[in-house]
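Here the structure is laid out as C-alpha cells; the discussion comes afterwards.
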Amino acid sequence: MTEQPKGELVCNASEIQLKQALRILIDDYPVAIVKDSMGEIHAIGDTCSHADISLSEGEVEGCKIECWGHGSQFDLRSGEPLQLPAYDPVPVFAVTVQDDKVYVDFTNVLNGAEAPTFS
C-alpha cells in the first residue's frame, strides 16, 4: 500500500505542459505550479517580488521563470531572483508527484522566503 504524500493535491502532472505554468489559488494565495524544461515540477509563489504580477504568465526556460512585466527572472529551485529589477526571492514549496498527481506542502517553504499564512 502506497503512503499518501504530504501536502495538498493541486493538479495532475499531465495537466501542465513542458515549459509552462499553472496558476492555482490556495485560500486566495496564488501559487504557480511549473514544469521546467527537463519536466521537473516546481511550486512557487505566483507573485513577482518586484511588482504585483503573476509569474505563471511568464516564460519558462531551463529552470527559471521570467516575469513578463519587467523581465525579472527567478530560479524555480531556490526562488532567488536571477535578473533585476527583483531582488527578493519568491517562496518555493515542497512538491511530491505520485501517480501523476501533484501534491504541494504549503507548510514547507524550502528557501526561507516569507511564507503565506493559511487559515
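The values are calculated or read from the model by the stated rules, or taken from the named source; none is laboratory data. All values derive from a computational prediction rather than experimental measurement. Every residue, glycine among them, receives a Cβ derived from its backbone with ideal geometry; neighbour counts consider all protein chains shown. For the accessible areas, the whole protein counts, side chains as well, though only heavy atoms, and no ligand, DNA or RNA atoms are used. Shrake-Rupley method; radii C 1.70, N 1.55, O 1.52, S 1.80 Å.
Under the condition of being open to solvent by 50 Å² or more (accessible area, probe 1.4 Å) and within 17 Å of VAL102 (Cα to Cα), the residues counted in the range 15-61 number 10.
Go through the range 58-70 and report how many residues are farther than 13 Å from ASP36 by Cβ and either in contact (Cβ under 8 Å) with a residue 40 or more places away in the chain or touching a Gly at 6+ places or on another chain (Cβ under 9 Å) (or both). Total meeting the criteria: 3. Farther than 30 Å from GLU3 by Cβ and touching a residue at least 24 places away in the same chain (Cβ under 8 Å): does that describe HIS42? Here the answer is no, as HIS42 does not meet what is asked. Residues that are in a loop (DSSP other than H, G, I, E, B) and farther than 19 Å from GLU114 by Cβ within the range 25-79 comprise ASP36, SER37, MET38, GLY39, GLU40, GLY58, GLY62, CYS63, TRP68, GLY69, HIS70, GLY71, listed in sequence order.
Annotation note: Cβ proximity below 6 Å between a residue of the range 4-25 that is in contact (Cβ under 8 Å) with a residue 24 or more places away in the chain and a residue that is outside any strand (DSSP E or B) (sequence gap 6+ or interchain) occurs for ASN12/ASP100; ALA13/ASP100; SER14/ASP100; LYS19/SER37; ALA21/SER56; LEU22/ILE16; ARG23/ASP46; ARG23/SER56.
Counting residues in the range 81-95 that are open to solvent by 50 Å² or more (accessible area, probe 1.4 Å), in contact with a helix residue (DSSP H, G or I) (Cβ under 8 Å, 6 or more places away or on another chain) and either touching a residue at least 12 places away in the same chain (Cβ under 8 Å) or of a type outside the set (Gly, Ala, Ser) (or both) gives zero. Would you confirm whether any residue within the range 68-80 is within 22 Å of VAL10 (Cβ to Cβ), open to solvent by 30 Å² or more (accessible area, probe 1.4 Å) and in contact with a Cys (Cβ under 9 Å, 6 or more places away or on another chain)? So far as the range 68-80 goes, yes, one or more of its residues are within 22 Å of VAL10 (Cβ to Cβ), open to solvent by 30 Å² or more (accessible area, probe 1.4 Å) and in contact with a Cys (Cβ under 9 Å, 6 or more places away or on another chain).
Taking the criterion of being more than 24 Å from LEU9 (Cβ to Cβ) and part of a loop (DSSP other than H, G, I, E, B), the residues of the range 81-100 that qualify are LEU84, PRO85, ALA86, TYR87, ASP88, PRO89.
Counting the residues of the range 4-24 that are of a type in the set (Lys, Arg) and assigned to a strand (DSSP E or B) gives 1. GLN73 passes every criterion in (1) touching a residue at least 40 places away in the same chain (Cβ under 8 Å); (2) touching a Leu at 6+ places or on another chain (Cβ under 6 Å); (3) not charged (D, E, K, R) apart from (1). You will find that of VAL104, VAL90, the residue that is in contact with a Pro (Cβ under 9 Å, 6 or more places away or on another chain), of a type in the set (A, V, I, L, M, F, W, C) and under 13 Å from ALA43 (Cα atoms) is VAL90 and no other.
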